[in-house]
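The structure appears below as structure tokens.
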Amino acid sequence: MTASASVSRPGLAQSTLFHLAFPVTDIAQTKEFYVNGLGCEVGRENAHSIILNLYGHQIVAHVTREPIAPQRGIYPRHFGLVFAEAMDWQALLERSQANCLKFYQQPKQRFAGSTLEHSTFFLEDPFFNLLEFKFYRYPSAIFGEVEHAEIGEAEAKELSIHLAAQPLEGSLSPQT
């Protein structure tokens, strides 16, 4: 079976789980944010890794000794969920607020009044991993509406590109 055939196979979404591994520096802090904060269920765990159930998907936190630095904006890297029901998105938003999780971006509407309209918010875990949670008013926008070119936030992308071109503080730069 080709990769394209497996992506378009009817029913695949119901029989396939998403897996994501991400860096952390402390398992206890990971559990506080993901289990107590977001409501993930714990799978296997050891001193170096923990498997978490995030709404039926497997995310795995791996302890790293490498320094983890914050991103300069939401692009290029973040992960999260697209909710099929507005009330589920709202419930997670309220849970995140009640548990005082760190919001990287407050809840807002993107592309209001268009077929791409969606509600979104971003959280930041203790290790600078960014998580986006969204609900599309029109489900066709999740994978469709291909006549539109808008994806994400153009201003944020431009800012990320601009910042990426800037030398980091303390880095060596050519003298003029």
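The values are calculated or read from the model by the stated rules, or taken from the named source; none is laboratory data. Given the structure is predicted, the values throughout are model-derived calculations rather than measurements. Positions of Cβ are generated from backbone atoms using ideal geometry, with glycine treated the same way; all protein chains shown enter the neighbour counts.
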Region 22-41, subset in contact with a strand residue (DSSP E or B) (Cβ under 8 Å, 6 or more places away or on another chain) and of a type in the set (D, E), residue farthest from L92 (Cα to Cα):
D26
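Out of region 135-144, which residues are in contact with a Phe, Trp or Tyr (Cβ under 7 Å, 6 or more places away or on another chain) and part of a strand (DSSP E or B)? Step through it out loud before you land on a result.
Step one: filter region 135-144 for residues in contact with a Phe, Trp or Tyr (Cβ under 7 Å, 6 or more places away or on another chain), giving 135, 142.
Correct list: F135 only.
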Boolean, P126 is in contact with a helix residue (DSSP H, G or I) (Cβ under 8 Å, 6 or more places away or on another chain) and not in a strand (DSSP E or B):
yes
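I'd like to know if region 86-102 contains one or more residues that are aliphatic (A, V, I, L, M) and at pLDDT below 95. Spell out the reasoning first.
First pass over region 86-102, keeping only residues aliphatic (A, V, I, L, M): 86-87, 91-93, 98, 101.
Now drop any that are not at pLDDT below 95, which leaves none.
Checked against the condition, which is being aliphatic (A, V, I, L, M) and at pLDDT below 95, region 86-102 yields no hits at all.
Taking region 75-99, which residues are in contact (Cβ under 8 Å) with a residue 60 or more places away in the chain and surrounded by fewer than 16 Cβ atoms within 10 Å (Cβ to Cβ)? Break it down into steps so the answer makes sense when it comes.
The first filter runs over region 75-99 and keeps only residues in contact (Cβ under 8 Å) with a residue 60 or more places away in the chain, leaving 75-76, 82, 99.
The answer is P76, N99.
Per-residue answers, yes or no, for (1) among the hydroxyl-bearing types (S, T, Y); (2) modelled with pLDDT of 95 or more; (3) part of a strand (DSSP E or B); (4) more than 30 Å from I27 (Cβ to Cβ):
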residue: T120; (1), (2), (3), (4): yes, yes, yes, no
residue: H148; (1), (2), (3), (4): no, no, no, yes
residue: E158; (1), (2), (3), (4): no, no, no, yes
residue: T176; (1), (2), (3), (4): yes, no, no, yes
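Looking at region 83-108 only, could you name the residues that are part of a helix (DSSP H, G or I) and not hydroxyl-bearing (S, T, Y)? Quick ask: steps written out before the conclusion?
As a first pass, look at region 83-108 and keep what is part of a helix (DSSP H, G or I): 86-98.
Once the filter is applied, which keeps residues that are part of a helix (DSSP H, G or I) and not hydroxyl-bearing (S, T, Y), region 83-108 yields A86, M87, D88, W89, Q90, A91, L92, L93, E94, R95, Q97, A98.
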What about T16, is it at pLDDT 95 or above, more than 17 Å from H78 (Cβ to Cβ) and hydroxyl-bearing (S, T, Y)?
no
Scan of region 34-67 for residues that are outside any strand (DSSP E or B) and surrounded by 15 or more Cβ atoms within 10 Å (Cβ to Cβ), ordered by number:
Y34, V35, G37, L38, G39, C40, Y55
